[in-house]
């Protein structure tokens, strides 16, 4: 089961990279037939499509932390740092990709998604140790 979870984590991370670096919205194309339309996962929220970043990074991070739950504490922290670095790198790279742009709000929600997943797992680990 853990091998399958790691596989899903790595495939999801690769998909996140492709979706982040593609010039246009692949999801918008598949849902609406338009590369220029960003889907709004939570319509009417005050953050607009920026909330999508939170959900995407939360999902990938949560998968990763669950897949590597039995890893050493040092390796677990390295995964946290790699995910934060990935979120920063992908957002910065969007500034040089056509039809994409760097947005501070997106970056904040990327990192917030990673951190929320991390702290949920840390709380879970704390509870099961007691």
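What follows draws every value from the coordinates through simple rules; no lab data is involved. Please read these numbers as outputs of a predicted model, since none were measured by experiment. For neighbour counting, all protein chains shown are included, and Cβ atoms are generated from backbone atoms with ideal geometry for every residue, glycine included.
Structural remarks
- Helix 2-21 axis versus longest C-alpha principal axis of the chain: approximately 30°, rounded to the nearest ten.
- By other beta-carbon atoms within 10 Å, ranking 130, 77, 100 with the fewest at the front produces 130, 77, 100.
- The calculated 222 nm mean residue ellipticity attributable to helices in the chain amounts to -24000 deg cm²/dmol, summing -39500 (n - 2.57) over DSSP H runs of n ≥ 4 and dividing by all residues.
- Evaluated at q = 0.13, 0.15, 0.22 Å⁻¹, a Debye calculation over the C-alpha positions of the chain (equal weights, vacuum) places log10 I(q)/I(0) at -0.57, -0.74, -1.34.
- Across segment 2-129, the relative contact order, built from alpha-carbon pairs under 8 Å that are at least six residues apart, equals 30 percent.
- Taking label positions 7 Å along the Cα-Cβ direction at both residue 119 and residue 29, the computed distance is 3.7 nm, reported to one decimal.
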